[in-house]
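The values are calculated or read from the model by the stated rules, or taken from the named source; none is laboratory data. Just so we're clear, the structure is a prediction, and the values are computed from it rather than from any experiment. These area figures cover heavy atoms from the full protein model, side chains too; ligands, DNA and RNA do not enter into them. Shrake-Rupley method; radii C 1.70, N 1.55, O 1.52, S 1.80 Å.
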Amino acid sequence: MGRAARRSAEVARQIRWYCATLMGDNHYRRYVEHRRRLHPGEPVPSEREYWRLRHAAADANPGARCC
(Lines give C-alpha, C1' and ligand atoms only; values in the text may rest on other atoms or scores of the structure.)
Protein backbone atom coordinates (compact mmCIF):
# COMPACT_ATOMS: atom_id res chain seq x y z
CA MET A 1 0.00 0.00 0.00
CA GLY A 2 1.42 3.33 -1.01
CA ARG A 3 1.80 6.42 1.12
CA ALA A 4 -1.18 8.17 -0.51
CA ALA A 5 -3.41 5.12 -0.02
CA ARG A 6 -2.43 4.87 3.66
CA ARG A 7 -3.12 8.56 4.16
CA SER A 8 -6.49 8.26 2.40
CA ALA A 9 -7.42 5.30 4.62
CA GLU A 10 -6.44 7.27 7.73
CA VAL A 11 -8.48 10.31 6.65
CA ALA A 12 -11.49 8.05 5.97
CA ARG A 13 -11.10 6.46 9.42
CA GLN A 14 -11.00 9.89 11.06
CA ILE A 15 -14.09 11.04 9.16
CA ARG A 16 -15.98 7.89 10.24
CA TRP A 17 -14.94 8.48 13.86
CA TYR A 18 -16.03 12.14 13.70
CA CYS A 19 -19.42 11.30 12.20
CA ALA A 20 -20.01 8.51 14.72
CA THR A 21 -19.12 10.85 17.59
CA LEU A 22 -21.29 13.63 16.22
CA MET A 23 -24.29 11.33 15.78
CA GLY A 24 -23.85 9.66 19.19
CA ASP A 25 -23.00 6.21 17.84
CA ASN A 26 -20.27 5.70 20.43
CA HIS A 27 -22.03 7.21 23.47
CA TYR A 28 -23.08 3.83 24.83
CA ARG A 29 -19.60 2.34 24.39
CA ARG A 30 -18.07 5.28 26.27
CA TYR A 31 -20.74 4.98 28.97
CA VAL A 32 -19.96 1.26 29.46
CA GLU A 33 -16.24 2.04 29.71
CA HIS A 34 -16.99 4.74 32.29
CA ARG A 35 -19.25 2.45 34.36
CA ARG A 36 -16.71 -0.38 34.38
CA ARG A 37 -13.88 1.96 35.32
CA LEU A 38 -15.63 3.98 38.05
CA HIS A 39 -18.31 1.53 39.24
CA PRO A 40 -16.81 -1.96 38.94
CA GLY A 41 -19.11 -4.79 39.90
CA GLU A 42 -22.29 -2.77 39.36
CA PRO A 43 -24.67 -3.84 36.60
CA VAL A 44 -24.53 -1.98 33.30
CA PRO A 45 -27.87 -1.25 31.59
CA SER A 46 -28.45 -2.67 28.13
CA GLU A 47 -27.98 -0.28 25.23
CA ARG A 48 -31.74 -0.02 24.82
CA GLU A 49 -32.19 0.84 28.50
CA TYR A 50 -29.29 3.32 28.33
CA TRP A 51 -30.95 5.28 25.53
CA ARG A 52 -34.30 5.17 27.29
CA LEU A 53 -32.73 6.62 30.46
CA ARG A 54 -30.72 9.19 28.49
CA HIS A 55 -33.76 10.51 26.63
CA ALA A 56 -35.86 10.56 29.82
CA ALA A 57 -33.16 12.61 31.57
CA ALA A 58 -32.97 15.04 28.63
CA ASP A 59 -36.75 15.48 28.66
CA ALA A 60 -36.80 16.00 32.42
CA ASN A 61 -33.95 18.57 32.32
CA PRO A 62 -34.03 20.30 28.93
CA GLY A 63 -31.30 22.85 29.72
CA ALA A 64 -29.97 24.83 26.78
CA ARG A 65 -30.76 23.02 23.56
CA CYS A 66 -32.12 24.08 20.24
CA CYS A 67 -35.53 22.36 20.36
The chain: radius of gyration and largest Cα-Cα distance (Dmax), Å: 17.1, 52
Share of carbon and sulfur in the accessible heavy-atom surface of the chain [1.4 Å probe, %]: 58 percent
Rounded accessible area per residue of the chain, 1.4 Å, Å²: 87 Å²
